[in-house]
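> Have a look at the structure that comes next, please.
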Amino acid sequence: MSAVVAPLAPAAPHTAVVLLGTGVVGRALLTLLATPAANTLRLVGAANSRRQHVLAEGLRPVEVADALAKARDGRDNGPLLAALDATGAERKVVIDATACTKEATRHAEWLERGYHVVTANKALAGGHLQGWRALQAASASGAVYGDAATVGAGLPVLSTLRRLRRCGDSLLTLEGVFSGSLSWLFNQYDGSRPFSALLADARRLGFTEPDPRSDLSGEDVARKLLIIARHAGFALGSDEVEVESLVPEALRGLDTAAFLDRLKELDEPLARRHAEAKANGKVLRYLARLNQRGRARVGLVEVGLDHPASRLSGTDNQFALTTTRYHSTPLVIQGPGAGPEITAQALLGDVLGL
């Protein structure tokens, strides 16, 4: 009588990951996780805002959407983290592709528990200063905080700044266009079409957040400015950034659907600003600025046609860093700053770089 041989358990992966968020960025990341570039990773859990699916033996990325649609379990991060532990993986990674403040508040806790965190979520690092300090303290335990996707959709802004500081250089001033959605909008906006029509296009293309007020309020740009400034050694609080919102007061308290129904109320104020800039021989750009004294502002600015930001195209971001060594001419980092595919690539790059 032959013995029954139990199937061998799958070997422990080098890197096991769970994905929080299956919106446009999360779906783009799932596509990348199905490519050969990610063949060293094992996806063991995925979650949206309401449901999750967990399998320590590994999920096929192409089946995640269907699995979540059929899932009966509500949201609970406990089983997701337990699945990471069950793999015995050398590196256990939580990927946060949400914009959820509640999830972001857990980043420091996960780092302290030994999980690497890779994120596009700016709510903690670009929020209150105490949250930033908690992240720095938690990262000292050895777990890595992969934040390339939080600024510039993966453009090498933070990595460049970290390298400069390791070499003893210091940031003096910073200026640029930090929002791919606002860049696209004002690169397109020439008065021939209402601003609201362009905004609807940008939302359909996935350049804005689901609620475009996250972009138009300037808060997203302010968070990015805070993240860069804090990486540079400026201990700025979130209340120390002057922020100009493009959302009229009457539209700020509405739910998303009601706001989208009233987009045309954005048109008249911006048409007036555009006409004033045109009369001055200038164009409108939504700029972030930080000076040497730590004064920070984000808002709509008239710039001349010789200004670098006037020559941007598409969703380009631009970061002009003046440092003690890049003093006479700033160091400029420029490239596409919005879009799910490049943001997902930044997330994957941080995971593979662990």
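> Of the residues that sit in segment 14-34 and are open to solvent by 10 Å² or more (accessible area, probe 1.4 Å), in contact with a Ser or Thr (Cβ under 9 Å, 6 or more places away or on another chain) and more than 16 Å from Val54 (Cα to Cα), which one is modelled with the highest pLDDT?
My answer is Ala28.
> Looking at (1) touching a strand residue (DSSP E or B) at 6+ places or on another chain (Cβ under 7 Å); (2) more than 16 Å from Val303 (Cα to Cα), find the lone condition where Leu182 falls short.
All conditions pass for Leu182, except number (2).
> I'd like to check which helices (runs of 4 or more DSSP H) are fully inside segment 120-224 and have at least 2 residues that are touching a residue at least 12 places away in the same chain (Cβ under 8 Å) and of a type in the set (Gly, Ala, Ser).
129-139, 180-188, 195-204
> Output the residue which, of all residues in segment 245-255 that are loosely packed, with under 13 Cβ neighbours inside 10 Å and in contact (Cβ under 8 Å) with a residue 12 or more places away in the chain, is farthest from Arg133 (Cα to Cα).
Ala250
> While we're looking at this one, here's another question. Search segment 205-244 for residues being of a type in the set (Gly, Ala, Ser), more than 22 Å from Ser159 (Cβ to Cβ) and open to solvent by 40 Å² or more (accessible area, probe 1.4 Å), and hand back the single one that is farthest from the chain's Cα centre (by Cα).
Ser238
The values are calculated or read from the model by the stated rules, or taken from the named source; none is laboratory data. Keep in mind that what you see is a predicted model, and the values were worked out from it rather than measured. Neighbour counts run over all protein chains shown; Cβ positions are idealised from the backbone, glycine included. Areas reflect the complete protein model, heavy atoms only, side chains present, ligands, DNA and RNA absent. Shrake-Rupley method; radii C 1.70, N 1.55, O 1.52, S 1.80 Å.
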